[in-house]
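Beneath this line is the structure, given in structure tokens, with notes to follow.
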Amino acid sequence: VIALPTILLSNRPGYPHRAGLPVSSETLHAMLEALEANGWLSKIDAVFAGYMPSVTHVSLISTWIAELKARNSALISCCDPILGDEPTGLYVPEDVASAIRNTLLPVSDILTPNNFELSWLAEISVSSSREAMNASEKLDPTVLTTSLPVGLDMLANFLHCRDGAWSTHVKRRSYVAHGSGDMMAALFLGHYLRTRSFVDALALATGGI
């Protein structure tokens, strides 16, 4: 794995104190150019795009993904859209969220939103599997939605792709460590690259979490 941070932090947001700063898009571009000059980007199987601090970052990453996919049609692009969650709503600026929807999604093969993010990106209210399917069809790539409510005490991970739709159900917990959605997305992509089966990747990622 080649890790390119878009932000450096002492700890995750949500604690009383934190320090850090975004990695500028210019620095990120220079890092990508160095990797390219070393000949390493031609050998990657997938790109995983996560937190984007600015519209400039979204534009930069979208451009690089498009160029890499033009050279390697087998390259998989997975977007984990870090936009917000219920009940607080968006926790990135709206222009960043809009740029992800308008610029990053068109070059993505896999999308891994939570329930709120799916609803915001598709501009469709999502509170059931049927609504999640409608929203996923509107966005077009393979979509894995996490934290979809199912009754009073269950949540679903809902997968929609061109072959069909599947879900895994898990018990709703009173507290879940922050970052479980990020880990779910990473496990899903990793298992898909290994098995080339979205259904197997869903089952294995759910079991991993």
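Looking at (1) in contact with a helix residue (DSSP H, G or I) (Cβ under 7 Å, 6 or more places away or on another chain); (2) closer than 30 Å to Arg196 by Cβ, which is the one condition that is false for Ser59?
Failing condition for Ser59: (2).
Tally time: how many residues in the range 126-149 are small (Gly, Ala, Ser), more than 17 Å from the chain's Cα centre (by Cα) and closer than 16 Å to Leu83 by Cβ?
0
Looking only at residues in the range 23-70 that are open to solvent by less than 70 Å² (accessible area, probe 1.4 Å) and in a strand (DSSP E or B), which one is nearest to Pro93 (Cα to Cα)?
The qualifying residue nearest to Pro93 (Cα to Cα) is Ala49.
What number of residues in the range 71-101 are assigned to a loop (DSSP other than H, G, I, E, B), farther than 22 Å from Leu8 by Cβ, open to solvent by 30 Å² or more (accessible area, probe 1.4 Å) and not hydroxyl-bearing (Ser, Thr, Tyr)?
Result for the range 71-101: 4.
Six or more apart or on different chains, Cβ atoms under 6 Å: show the pairs whose first residue is in the range 94-110 and under 12 Å from Pro53 (Cβ atoms) and whose second is in a helix (DSSP H, G or I) and open to solvent by less than 30 Å² (accessible area, probe 1.4 Å).
Ala99/Val58; Ile100/Val58
Could you check how many residues of the range 161-186 are of a type in the set (Ser, Thr, Tyr), within 16 Å of Ile82 (Cβ to Cβ) and in contact with a Gly (Cβ under 9 Å, 6 or more places away or on another chain)?
The qualifying residues number 0.
Output the residues belonging to the range 118-160 that are open to solvent by 10 Å² or more (accessible area, probe 1.4 Å), part of a helix (DSSP H, G or I), in contact with a Leu (Cβ under 9 Å, 6 or more places away or on another chain) and closer than 21 Å to Gly50 by Cβ.
Passing the criteria: Trp120, Leu139.
Filtering the range 1-22 down to residues that are β-branched (Val, Ile, Thr), open to solvent by less than 90 Å² (accessible area, probe 1.4 Å) and under 25 Å from His191 (Cβ atoms), which residue is nearest to the chain's Cα centre (by Cα)?
Thr6
Where the second residue is of a type in the set (Asp, Glu) and in a helix (DSSP H, G or I) and the first is free of Cβ contacts under 8 Å to residues at least 24 places away in the same chain and surrounded by 13 or more Cβ atoms within 10 Å (Cβ to Cβ) and lies in the range 181-209, which pairs have Cβ atoms under 7 Å and are six or more apart or on separate chains?
From residues that are free of Cβ contacts under 8 Å to residues at least 24 places away in the same chain and surrounded by 13 or more Cβ atoms within 10 Å (Cβ to Cβ), the pairs are His191/Asp200.
The values are calculated or read from the model by the stated rules, or taken from the named source; none is laboratory data. Quantities reported herein were computed from a predicted structural model and do not represent experimental measurements. Positions of Cβ are generated from backbone atoms using ideal geometry, with glycine treated the same way; all protein chains shown enter the neighbour counts. Heavy atoms of the whole protein, side chains included, go into the accessibility calculation; ligands, DNA and RNA do not. Shrake-Rupley method; radii C 1.70, N 1.55, O 1.52, S 1.80 Å.
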